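The values are calculated or read from the model by the stated rules, or taken from the named source; none is laboratory data. All of these numbers come straight from a predicted model, not from anything done at the bench. Neighbour counts are summed over all protein chains in view; Cβ atoms, including those assigned to glycine, are modelled from backbone coordinates with ideal geometry. When the accessible area is computed, the model is the full protein with side chains, heavy atoms only, and any ligands, DNA or RNA have been set aside. Shrake-Rupley method; radii C 1.70, N 1.55, O 1.52, S 1.80 Å.
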Amino acid sequence: MSNDKNTETIKKEYIGNEPSKKITQNAIIFILIVLLIVAFIISFTLGRYPISFNQLINAFYLKITQNGASNNTVQAVLFDVRLPRIIAAILVGSVLSVSGAAFQGLFKNPMVSSDILGASAGAGFGAAIAILLSLGSIWIQLLSFSFGLAAVALTYFISKAVGRGSSPILVLILTGMVVQALFTSFISLTKYVADPDSKLPAITFWLMGGLSSITMNDIKIILIPMLLGLIPLMLVRWKLNVLSFGDEEAQSMGIDTNKVRTITIICATLLTASTVSICGMIGWVGLVIPHLARMIVGPNYKVLLPASLLVGGIFMLGVDDVARCMFAMEIPLGILTAMIGAPVFIYLLLKGKRGWM
């Protein structure tokens, strides 16, 4: 009887939304899309080189029509510097938020973030090794991405080996914490042996996170793993609702829990590792943004993941605008996200009245 009630609750609340609730959620998603577009446009006008809306419209018109020449400086600033950075900020914020939300649903724990299984620490170590060996930017991204995947693979296989007969979720989280600590110590060791005049500052600055050196080529490289991680998560997001009721309930509804768990871990890891490989370690986004999205649209993952994607893009775009405009010297993104994210998270903990699934 209890199983029937829980199954009916899932179908009503999470799989088939009421029409009125669905209309409200669709309206919220539309508003978030509009806000993201507005933030996207405004970000082009912000920076040390001021660009008015008229110059912006004219530059885009000439770029699209390729009719005549405009100010070369404006064109260079808009399309060589700001456009790649704005796109990267949206992508990074969006996928980190989706990754964090997916992990929170998978592990049924609101304190989980996108780096819970060691992806960020592993990717950071890979980048530190590449910088220590004086490798180029392509190798930094490649090693960072590879070590991020390797760290999560290590977490997964160790948890499988030691977690027989135990709670798979708890063992996975604990193993992730151990692997994360291990790769963090490797990063510290790399910094300790690095040249203090050149390599150490480069490693430290990269680990703090930033988009100052991003190019369109970098975006093209990470777009493939981001799409490979994002699309499957969006397709299976409704199953995260079912998993939140426990493995037995999910299996009674015909859900292959091991398969869904594996897909979610692989996809979320692809998202996290790809972002760290181009912008360094940026914390708090995957932890705080899903909570904000949950307060806006509720805990239904059919709506929560798209909302997290949009809110994350808006948030990171705003943070990057502040980073490049507040002072003469650019502030690393990791510092700003921590300064903003920690107080916001405390506020959410104190205020949160919406229940956790």
For this session: Considering only region 290-302, state which residues are open to solvent by 20 Å² or more (accessible area, probe 1.4 Å) and assigned to a helix (DSSP H, G or I).
Result: H291, L292, M295, I296, K302
Exercise. Within region 273-289, can one find any residue that is in contact with a Pro (Cβ under 7 Å, 6 or more places away or on another chain), closer than 24 Å to R85 by Cα and surrounded by 24 or more Cβ atoms within 10 Å (Cβ to Cβ)?
Worked result: yes
Exercise. Helices (runs of 4 or more DSSP H) wholly in region 170-252 with at least 3 residues that are touching a residue at least 24 places away in the same chain (Cβ under 8 Å), open to solvent by less than 20 Å² (accessible area, probe 1.4 Å) and not hydroxyl-bearing (S, T, Y) - which ones?
Worked result: 216-235, 237-243
Problem set entry | Residues of region 42-61 that turn out to be part of a helix (DSSP H, G or I) and either of a type in the set (G, A, S) or surrounded by 14 or more Cβ atoms within 10 Å (Cβ to Cβ) (or both), as a count | 9
Exercise. Among the residues of region 86-98, is any out of contact with any His (no Cβ under 6 Å at 6 or more places or on another chain), open to solvent by 10 Å² or more (accessible area, probe 1.4 Å), more than 27 Å from T204 (Cα to Cα) and not polar (S, T, N, Q)?
Worked result: no
Problem set entry | Positions within region 310-357 being touching a residue at least 24 places away in the same chain (Cβ under 8 Å), within 24 Å of I87 (Cβ to Cβ) and open to solvent by 40 Å² or more (accessible area, probe 1.4 Å), in sequence order | I314, F315, C325, E330, I335, I340
